[in-house]
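Asks: Please find one structure pasted underneath; my questions will follow.
The values are calculated or read from the model by the stated rules, or taken from the named source; none is laboratory data. Note that the coordinates shown come from a computational prediction; the quantities given were computed from them, not determined experimentally. All Cβ positions, even for glycine, are placed from backbone atoms using ideal geometry, and neighbour counts span all protein chains on display. With ligands, DNA and RNA removed, areas are computed over all heavy atoms of the protein, side chains included. Shrake-Rupley method; radii C 1.70, N 1.55, O 1.52, S 1.80 Å.
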Amino acid sequence: MRILHFIAAPAAGGAEVYVKDLLKALKENEQTLYVGFLEHATDVGRSQKYEEGFLSELDELGVKYFFVGHRARRRPWIGILHVRKFVKYHNIDIYHAHLFYGILFGALTGKPTVYTHHSSIARASKLVYFIFNRLVSAYVAISRVCADNLRGYSGSSRITTIYNAVDFEKLKQRVRDYNNTEVFNVIAVGRLVPEKNYEYLLEAISLLPSHIKNKLRVRIVGEGPVDYRDELYNLIGKRGLIKTVTLTGNRDDVPELLDQSDLFLMTSVFEGLPIALIEATASGLPAVVTRVGGCPEIIEMCKNGVCVSPSQPAQMAHAIEDILENPLELASMSRNAVSYSSFLGMQFSVDKHLKLYRSLFK
C-alpha cells in the first residue's frame, strides 16, 4: 500500500516522534510511505537543527515528504489543493491525518482517510465533528480514555484504539538497584509550554524536605518559547532550586538521559498518551505523573509508579518523598516497568495499523 501521513511539523513533539518511528517500522513491513507537513519547525518557534535531523532520517528511509506551508492555516484551500495533487500524482491508497488541518486538507482526495486523535480532550465542537464524520473513514484513539472521549464528542462508532508506541531498539532497558543511592537523577521530558505545568513541578520539589531535596538532580528536557523559559528560570531562582533543577533545552540523546536517570516525573495538565512516559517506562524508570489522559493506563498496566492530582503540588511532593525513601519499592517499580511494557513496542502498533489500513483498502 501507498500511505500518506500528514503531521504538523518536523519538530520535537510526541506525535511527530511517534509518527517518524511508525514510518520506520511500516517501511520495514514493505509499505510505500510519504509524509506531508503543515509547516516548518521555525514557523512555530521550534528548532531548525532538529528539523534537519528529522528530515535527514526520512531521507535515509527513502520517505518522500512535502510542506503545505504556514499560509494554509488561514487559507485552507491551499492545503486542500496541495494534498489532492500529491495524492493523485503518487497514487496514494490511504491518507492518514494526525491533526485537524490534515482532515480538512484531505477533503478532496477521494481516498480512505484515517484520523488519529492525539489528545484526551475535544479539539472542536460537535458540529465540526459532524462534518468530519463525512470525511473520516476511521478514527484512531491512542488510549482508552481518548477513545471514550472521542466517541462522546464525535458520536462515531468507527474508532480503533491503538496505543502510542516506541522503538525499543533505541532505548536502553534495565532494572535499577536503589540500594545505597546517594544522588537521585530525576528527569522530566516535554516541551516548555504551560500545559506541561512545570510551575507545579518546581513547586512540588520546593516542598520536599531538605534531606530529600538535597539528593535530587532534576533535568527538564525540552524547548519552548523564550518568555516561558525565562519564567521558569526565574521561578527556579525564587524557589532556591538553582543547584537542584536544570533546564537542558532540546536534546537528541534522550535515551541516554533516561538511562542515566532514577525517576521520571510528568506534571501535565492534559495529555493523550505521552511518548515521553512510554519511553521512560520502557527504559525501566519508576514514574510519578499527573492523573490525566492515558497516563493512569500506563501506570496501571505497567505497575511502575504513582498518579497524583494535576492541581495539588503537595500531593506530588508526598509521592516523591514516599517512594524515594523506599528503595525496595523503587526497584520493584523498575522491574515492573521492564517486564510489563512490551505491549508498548512499535510492532504492536504497526500490526494494528496495517490491519486497519487493509480493511479500508479492501
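Asks: Enter the angle in degrees (range 0 to 90, nearest 10) between the Cα long axis of helix 313-324 and the first principal axis of the Cα atoms of the chain, meaning the one along which they spread out most.
Replies: Taking the Cα atoms of the chain, the angle to 313-324 is about 70 degrees.
Asks: What list of ³J(HN,Hα) values in whole Hz, one per residue of the stretch 288-301 in order, does the Karplus curve 6.51 cos²θ - 1.76 cosθ + 1.60 (θ = phi - 60°) give from phi, with Gly and Pro shown as x?
Replies: Coupling constants for the stretch 288-301: 10, 9, 7, 7, 9, x, x, 4, x, 5, 5, 4, 5, 7 Hz.
Asks: Computing the accessible area with a 1.4 Å probe over protein heavy atoms, can you report the carbon and sulfur percentage for the stretch 234-300?
Replies: Here it works out to 46 percent.
Asks: What percent of all Cα-Cα pairs in the stretch 103-229 falls in each 5 Å bin, counting up from 0?
Replies: Spelled out per bin, shortest first, that is 2, 8, 13, 12, 12, 13, 13, 11, 7, 5, 3, 1, 0.
Asks: Calculate, axis by axis, the spread of Cα positions in the chain along the three principal axes, and write the results as whole Å, longest axis first.
Replies: Per principal axis, max minus min of the Cα coordinates gives 64, 41, 41 Å.
Asks: Let me ask something additional. Per-residue counts of other Cβ atoms within 10 Å, averaged by peptide: what ranking do you get for 339-348, 173-182, highest first?
Replies: Going from most to least packed, we get 339-348, 173-182.
Asks: Let me ask something else about it. Please give the net charge around ASN214, taking every other residue with its beta carbon less than 13 angstrom from that of ASN214, where Lys and Arg add +1 and Asp and Glu add -1. Please list the in-between numbers first.
Replies: Values: positive: LYS213, LYS215, ARG217, LYS243; negative: GLU182, GLU321.
Neighbour charge sum, excluding ASN214 itself: +2.
Asks: Measure off 7 Å from each Cα along the Cα-to-Cβ vector at ASP227 and ARG239, then give the distance between these two points in nanometres to one decimal.
Replies: Here the answer is 2.2 nm between the modelled labels.
Asks: Per the Kirkwood formula on distinct C-alpha pairs, the Rh of the stretch 174-218 is how many angstrom?
Replies: Across the stretch 174-218, the inverse of the average 1/r is 12.3 Å.
Asks: Considering only protein heavy atoms, what per residue accessible area in square angstrom results for the chain with a 1.4 angstrom probe?
Replies: Working: 15680 Å² over 362 residues.
Value for the chain: 43 Å² per residue.
Asks: While we're here: In the stretch 1-76, what percent of the accessible surface is made up of carbon and sulfur (1.4 Å probe, ligands and nucleic acids excluded)?
Replies: 43 percent
Asks: May I ask which of LYS20/LYS111; LYS24/LYS126; LYS20/LYS238 have a Cα-Cα span longer than 31 Å here? Could the numbers behind the result be given before it?
Replies: Numbers: LYS20/LYS111 22 Å; LYS24/LYS126 35 Å; LYS20/LYS238 39 Å.
LYS24/LYS126; LYS20/LYS238, as the Cα separations exceed 31 Å there.
Asks: Would you please report the Å³ per residue occupied by the convex hull of the alpha carbon atoms in the stretch 1-126?
Replies: Working: hull volume 13.7 nm³, N = 126.
Cα-based convex hull of the stretch 1-126, divided per residue, equals 109 Å³.
Asks: What is the helix-to-structure angle for 14-28, meaning the angle in degrees between its Cα long axis and the longest Cα principal axis of the chain, kept from 0 to 90 and rounded to the nearest 10?
Replies: Orientation of helix 14-28: about 60 degrees from the principal axis.
Asks: Which net charge results for the neighbourhood of ALA141, defined as the other residues with beta-carbon distances under 12 angstrom from its beta-carbon, given Lys and Arg at +1 and Asp and Glu at -1?
Replies: Surrounding charge for ALA141 is +2.
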